[in-house]
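See structure below.
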């Protein structure tokens with residue numbers, strides 16, 4: 001990541017972190033151990049990509065920060081819940097996440113399930129608390145649509161169903177568009193909704209988010225094959241070992257790299273379609289390059 | 001349940017069932033197996049108590065049915081997700097629910113976790129789709145508050161933490177007010193919010209819901225000790241066997257029955273406080289009697 005982009009994202013991530021601290025539940029209203037488990041995963045070193053995207057889009061559309069922060073924090077809570085549940089023994093059975101032990105390794109399976117449930121539920125309480133002019137019900141619906149059975153949860157279900165069953169590029173796209181792209185698409189749309197953007201702008205922003213999300217999962221699949229565990233912060237090579245249907249599994253590693261470059265081009269094209277609003281004049285093109293070339 | 005009350009609740013439950021059918025996800029947008037798992041649990045013979053309460057309160061306050069139905073369906077989805085996750089091996093490890101095999105026995109643990117996640121997420125998409133005059137963001141916040149870390153999820157976490165550790169009446173109340181009463185309180189409040197009730201009425205209705213919810217869990221604990229598995233539709237005697245902190249465990253079975261009668265009196269008292277609105281002139285007092293005297 002170039003220095004200017006790194007500084008811009010890190011400044012937004014700091015704002016998100018402070019807001020998240022204020023939203024997290026605490027004892028005695030909430031049992032100690034549950035509050036600890038929620039906090040452990042929320043502050044486990046996530047890159048805050050979804051809230052950063054929401055805020056960047058809102059900033060580009062000249063939205064007010066206080067209108068987008070609740071929805072942005074909700075997106076990070078939803079993302080974090082999904083990681084906790086994905087790591088469970090019955091799911092991907094991963095002992096490491098972001099270089100630290102997974103929630104269930106620290107708190108046990110029952111508490112990990114509940115910590116995920118708590119974050120998913122809290123997300124909607126926080127999103128619903130957005131100021132009226134940010135259109136809070138619409139933000140709730142957007143996040144739920146991206147995270148729900150036709151979105152992220154559906155993608156995870158399809159991913160599990162495909163384990164060991166093989167499949168082609170179309171199957172990979174079905175999974176990736178739901179598992180990853182749906183929530184990233186929702187993230188940028190939340191930024192546009194909170195900023196009071198028109199339906200046309202919301203739709204164009206969503207197209208960009210979809211492509212960026214597909215790119216993100218493509219490079220994730222590639223990194224699982226090529227990166228080292230220490231750098232990745234989670235177990236590398238796990239997808240291939242467990243017979244997961246990944247992009248490299250469907251089209252070879254070279255084909256996956258080609259597909260990633262194609263998706264990056266489409267994401268940049270989607271940004272150009274937004275030229276009437278100032279979205280293209282931001283760090284977003286550089287963020288696309290970063291996602292294409294990232295090494296962890 | 002007397003016949004008139006049974007007919008009134010069953011008529012509302014039918015309306016809810018039809019609305020739920022329309023809200024449930026379907027292939028190909030959603031993977032087959034996930035759609036099946038979601039449908040299996042939603043239509044497993046639930047009594048629809050939470051949506052029935054929301055609709056009864058809304059009716060009593062002369063709210064429009066179309067304003068309360070989305071929130072009422074969302075409450076049933078949240079309740080159903082909680083049962084799926086509670087039954088998981090890592091949680092209460094229950095193989096039976098409503099006289100049928102639990103979700104994870106039919107679909108496997110991973111799909112059961114995801115079906116619960118899907119229902120919880122979908123609940124907020126549906127609640128957010130309430131008509132504007134029903135105050136959809138407020139309905140989302142209400143349901144999330146009742147279901148989240150300071151509500152139902154917190155109660156379940158406290159329940160698990162208390163397993164085998166014993167405790168007194170205060171500990172039982174901490175668990176019951178969160179595990180069960182929080183969502184029942186939210187249910188009646190959703191009915192009042194959707195009906196456009198004043199803050200004072202929403203608060204009074206909430207007091208009634210809190211007492212009814214505590215009563216409901218008290219009789220649930222009593223039935224676990226006294227009823228037969230076949231009649232209960234889930235494994236009877238399981239709480240005592242697993243060292244759960246229940247009301248009978250804290251204050252003996254006779255003490256629990258006394259507490260249930262006391263809570264029923266408080267619930268009826270809370271209804272009387274609503275005499276300026278026509279809530280008391282409904283089936284709700286009879287519903288309190290039913291919950292006190294129910295045998296399954």
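Computed from the coordinates by the stated procedures, all read-outs in this text should not be read as laboratory data. Just so we're clear, the structure is a prediction, and the values are computed from it rather than from any experiment. Cβ sites come from the backbone with ideal geometry, for glycine too, and all protein chains shown count toward neighbours.
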Where the centre of each part is set by its Cα atoms, how far does segment A:46-91 sit from segment B:76-126, in angstrom?
-> 26
Expected max-MSF residue from A:211, A:234, A:105 in the GNM of chain A (alpha carbon, under 10 Å) is A:105
By how many nm would the segment from residue A:163 to residue A:5 lengthen if fully extended, with 0.36 nm per residue of separation less the alpha-carbon distance?
-> 53.2 nm
Per residue, what volume in Å³ does the Cα convex hull of segment B:156-296 take up?
-> 107
Between copies, how far does the label point of residue A:272 sit from its twins, in nm, shortest first, when each point is 7 Å from Cα along Cα→Cβ?
-> 7.6
Shape box of chain B [Cα atoms, principal axes, largest first, Å] = 51, 48, 36
Length-normalised contact order of chain B, Cα under 8 Å, at least 6 apart, in percent, tallies to 19
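Add -39500 (n - 2.57) for each DSSP H run of 4 or more in the protein assembly as shown, then divide by its residues: what number comes out at 222 nm, to the nearest 500 deg cm²/dmol?
Numbers: 30 runs with 414 residues, N = 592.
The helix contribution divided over the protein assembly as shown gives -22500 deg cm²/dmol.
Rounded, prolate or oblate: which fits segment B:1-57, taking a ≥ b ≥ c as square roots of the Cα gyration tensor eigenvalues, rounded meaning a/c under 1.5, else prolate when a/b beats b/c?
prolate
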For residue B:251, go 7 angstrom from Cα along the Cα-to-Cβ vector, then report the distances to that same point in the other copies in nm, smallest first.
-> 6.5
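If I take R0 = 30 Å and measure r between the Cβ atoms of residue B:293 and residue B:26 in this structure, what FRET efficiency does the formula 1/(1 + (r/R0)^6) give, to the nearest 0.05? Kindly include the intermediate steps, with their values, before the conclusion.
Details: r = 40 Å, r/R0 = 1.34.
My answer for the efficiency is 0.15.
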Plugging the Cβ-Cβ distance of residue A:276 and residue B:242 into 1/(1 + (r/R0)^6) at R0 = 45 Å yields, to the nearest 0.05, a FRET efficiency of 0.10
Could you please state, rounded to a whole Å, how far the C-alpha centre of segment A:131-162 is from the C-alpha centre of segment B:213-248?
-> 36
Sort shortest first the distances from residue A:99 to its counterpart in every other copy, using label points 7 Å along the Cα-to-beta-carbon line, and give them in nm.
-> 5.6
